[in-house]
Amino acid sequence: MLRILSPFILLLFVLPASGAQIRGVVTNKRGEPLPYATVMIKGTTLGTTTNATGAYVLEVPAGNHVIVCQYMGYKKEETAVLAGGEPRELNFSLEPVSLQVKEVVVRSGGEDPAYAIIRQAIKKRPYYLSQVKNYTCESYIKMLARLRNMPKRVFGQKVDPTEIGVDSSGKGIVALTESVTKIAWRDPDMKLDVISSRSSGGGLGFSIPTIINFYQNNVEAMESQVGPRGFISPISDNAIHYYKYRLEGTFVDDGKLVNKILVTPRRKYEPLFAGHIYITEDDWRIHSTDLRLTKEYQLELIDTLVIRQTHVPVAPDVWRTKDQVVYLAAKVFGFDITANSVNVYSNYNLNPEFPKGYFNKVVMKYQKDAEWRDKRFWDSVRPVALEADELKDFHVKDSTARARRDSAKSRQQLDSLRAKPQPKKPLDVLWEGVNHRWYFQGDTAVQSHAFYMPGLVKGLSYNTVEGVALQISPGVTFTLPGRRYLSWMSSVRYGFSNTHLQAQTGLTLTRSPEGGIGSRNTWSLYGGKRITQFNRANPIGPVMNSLYTLLLRENYMKLYESRFAQLAFSKVYESSFAFSVNALYEDRLPVENTTTYSFFRKDRNSFTSNLPEELPGLVFQREKVLTVGGNVSYQPGQRYIEYPRGRRAIGSKFPTFSAAYRKGFIDANFDKWNVDVRDEMNFKLLGELKYHLGAGGFLNAQSASLPDMQHFNGNQTFLNIRYLNSFQLAQYYEYSTTAGLFATANIEHHFNGLLTNRIPLFNRLKWHLVAGTNAFYVDRANNYVEVFAGLENILKLFRVDVVAGYQSQSDTRIGIRLGFGGILGGAFKVE
């Protein structure tokens, strides 16, 4: 009994009495707390939700009220109270509902009566989905994540429990946030006004209400990475093809008969729910839900996700979600995590009046003081009482963060940081790299300058021009007033076979907005001597080229030297509109192979020339070239989150457009242009389509040498990760051109489990099909098309494609390519 009352006793000390207040604990008849039960004033949407220990606090107007308490699977209770003056204690002890089993009329085929109920709910689904055209309400969100266990190392790196805020055993709260948000909806637009938001330890919390709507055919239960296809609602138009149903019984709630229906997926490895859905008789609406997702039903990264909702009437014939609790459990890279999100909705207004222009490109706005509300404010608005460890977490981590902020302004902190320089290890010089910081007192806090040099081993490569090459690239970043950063970068490179020394250096001045919110711009000035691929997109990297040269005796990388100077400026606006301009002067020098060494296949023919053999008769001589150009990119229809310090673009339903132009002078004389468009389109159950379409050409190609030509990014190695900007089987320079017009297309469709979920083993492994085509066209003699099909999400990281490439002047090519793709592998992108 003490265990049950302790949260209530705690609340007496931590929550001040302001206005009329009712407090209590909700339990079952055995005295066990009922977490996240709904407690509200009858006839209104004003209410609260119990916390994980069953405790609640309800702010009410002074006077007589009827307080209603309900919990899924239990009888609803009502109690009349007189509120005012001192806080009123009101505990509830709920009884389980007594389910009445209907007389089952077995039809031909033995169909359960639940199917007739579900068919009626499916018919009414479109009506309830579009019943409310506009509304406003308030949403309180509390998100909590705990660690139950953690590894000592991740990818070889030691993990310090104190850095993530848990105890030495790896247990404790790792994330805790709460927020209050006003929601405005006018079909199809939504706008969020964040009144207050905080995170344990400082900063803004998660403030976007998770509105899970089971009246939609396709339910987006979580972020797209967790369920890229969405999940099929138990009352979707085709639900009966995906689910089995069983009527477990009925009960009466406020005079309405409610049907409790067990929902079971017909097949595994489809994006489906399991659990219970409660449907009211006659009007066939959702009363409540208790549904779950698991890994067997296409849930990614998370082991289990449970969604519990309670719907209540907010008007005579309109019901809306009153509260929603989402639980999840996951084991990722040795971390054992549990989390929950509690959403409480209140103060529904179904007839709001919105001023003209209220719904605009700003879909979410934080009030100026949203991050700085004090404890008194939170205690007055919070509908879900904090638990003891949550109170402690807020107190300890907020105090620690405040102490750090205060310390960052002090001389003592500066001296402490200077007295504890980061230790250096001999192996760091070879592999990890060396970094060091110099601390100084800034205007408002301790700031630093930073030095970094990559490990020497990472600067080693091999090619037939330089032989073994070693590149050392030290750099220093200086922190300047006004959130500006000046970076000095340099590199020294030496080829041990051709004995050429390359050295370059440069400065970059960046103005970065506070918190990354707002526009940013960068100036850069570089110069020196360097060795560069003819195709500046660097179609083959130094590691892969070294492997192919030493092991397979294939020297795909083609190089030239240049003494150069470059000046560039770029700017990215809040709207995501970006542009850049640059001027590059090069004194270009041809270079030749100086070594024929390889580990294996020494009996093969010698390496190919450093000039691309795919372009016979090409001559590259010393030349001096000045090129000037620029590019712009823009995604129209951009939407924004507006913070007190500025706006941040969050995306658009439209594709991104870009254009570039470049002009050559001195020994060159050319005008080159190109435009392209790219987008990613998620069709949920049908998968995701990604495309990149481009066109370009030379308005003038009177003098354009090899580095200035249009190169189509080929790939002759087994590895490819430039999926939307390359051609997986094409040779590197075979199709290079100075034609007046060319066009490119890269298209791929990710099925995300569609089709492969019907194939044994593949569905268990969650390997997904991907297919597409890459093509370009210059003229009848210069064109290329390849089609591919493959599997991705292999170990969540990898992708394997089988590719067939066709060129009108050559035989069809067949090849296999390995790359990154899937839930985690899709994060590896190279433009």
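The values are calculated or read from the model by the stated rules, or taken from the named source; none is laboratory data. In this text, all values refer to a predicted model and were calculated from it rather than measured experimentally. Positions of Cβ are backbone-derived with ideal geometry, glycine not excepted, and every protein chain shown enters the neighbour counts.
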Candidates 749, 711, filtered to the one that is within 30 Å of residue 270 (Cβ to Cβ) and in contact with a strand residue (DSSP E or B) (Cβ under 9 Å, 6 or more places away or on another chain): 749
Meets criteria (surrounded by fewer than 16 Cβ atoms within 10 Å (Cβ to Cβ) and either on the phi > 0 side of the Ramachandran plot or in a strand (DSSP E or B) (or both)) for residue 581: yes
Residue that is of a type outside the set (A, V, I, L, M, F, W, C), over 23 Å from residue 712 (Cβ atoms) and either crowded, with 16+ Cβ neighbours inside 10 Å or out of contact with any helix residue (DSSP H, G or I) (no Cβ under 6 Å at 6 or more places or on another chain) (or both), where the choices are 508, 549: 508
Matching entry among 637, 617, 651, 646 (being in contact with a Pro (Cβ under 9 Å, 6 or more places away or on another chain) and either modelled with pLDDT under 95 or of a type in the set (S, T, N, Q) (or both)): 646
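Residue-wise test of (1) touching a Pro at 6+ places or on another chain (Cβ under 7 Å); (2) under 24 Å from residue 768 (Cα atoms).
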| site | (1), (2) |
| --- | --- |
| 239 | no, yes |
| 249 | no, no |
| 253 | no, no |
| 268 | no, yes |
| 272 | yes, yes |
Output for the range 586-625, where each listed residue is of a type outside the set (Lys, Arg), part of a strand (DSSP E or B) and more than 17 Å from residue 497 (Cβ to Cβ): 586, 587, 623, 625
Residue count for the range 613-638, restricted to those that are under 22 Å from the mean Cα position of the chain (by Cα) and surrounded by fewer than 16 Cβ atoms within 10 Å (Cβ to Cβ): 2
Tally, over the range 627-677, of residues that are within 22 Å of residue 737 (Cβ to Cβ) and either of a type in the set (Gly, Ala, Ser) or touching an Asp or Glu at 6+ places or on another chain (Cβ under 9 Å) (or both): 13
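Can you tell me which residue among 747, 759, 816 is within 24 Å of residue 549 (Cβ to Cβ), hydrophobic (A, V, I, L, M, F, W, C) and surrounded by fewer than 19 Cβ atoms within 10 Å (Cβ to Cβ)?
From the options 747, 759, 816, the qualifying one is 816.
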Residues of the range 734-756 satisfying the condition of being among the aliphatic types (A, V, I, L, M) and assigned to a strand (DSSP E or B): 743, 745, 747
Flag for residue 723 being under 24 Å from residue 620 (Cβ atoms), hydroxyl-bearing (Ser, Thr, Tyr) and crowded, with 21+ Cβ neighbours inside 10 Å: no
Options 461, 491, 487, 524: the member that is touching a helix residue (DSSP H, G or I) at 6+ places or on another chain (Cβ under 8 Å) and either farther than 30 Å from residue 732 by Cα or hydroxyl-bearing (Ser, Thr, Tyr) (or both): 461
Residue, nearest to residue 335 (Cα to Cα), within the range 117-169, restricted to residues that are surrounded by 15 or more Cβ atoms within 10 Å (Cβ to Cβ) and of a type in the set (Phe, Trp, Tyr): 140
Lone qualifier among 575, 609 - being surrounded by fewer than 17 Cβ atoms within 10 Å (Cβ to Cβ) and over 40 Å from the mean Cα position of the chain (by Cα): 609
Within the range 35-50, tally of residues that are surrounded by fewer than 23 Cβ atoms within 10 Å (Cβ to Cβ) and not hydroxyl-bearing (Ser, Thr, Tyr): 5
Residue check for residue 499: in a strand (DSSP E or B), surrounded by fewer than 16 Cβ atoms within 10 Å (Cβ to Cβ) and at pLDDT 95 or above: no
Sole exception among (1) surrounded by fewer than 19 Cβ atoms within 10 Å (Cβ to Cβ); (2) touching a residue at least 60 places away in the same chain (Cβ under 8 Å) for residue 694, by number: (2)
Residue check for residue 182: under 26 Å from residue 371 (Cβ atoms), out of contact with any helix residue (DSSP H, G or I) (no Cβ under 9 Å at 6 or more places or on another chain), surrounded by fewer than 20 Cβ atoms within 10 Å (Cβ to Cβ) and of a type outside the set (S, T, N, Q): yes
All positions within the range 226-250 that are surrounded by 14 or more Cβ atoms within 10 Å (Cβ to Cβ) and assigned to a loop (DSSP other than H, G, I, E, B): 226, 227, 228, 229, 230, 233, 234, 235, 236
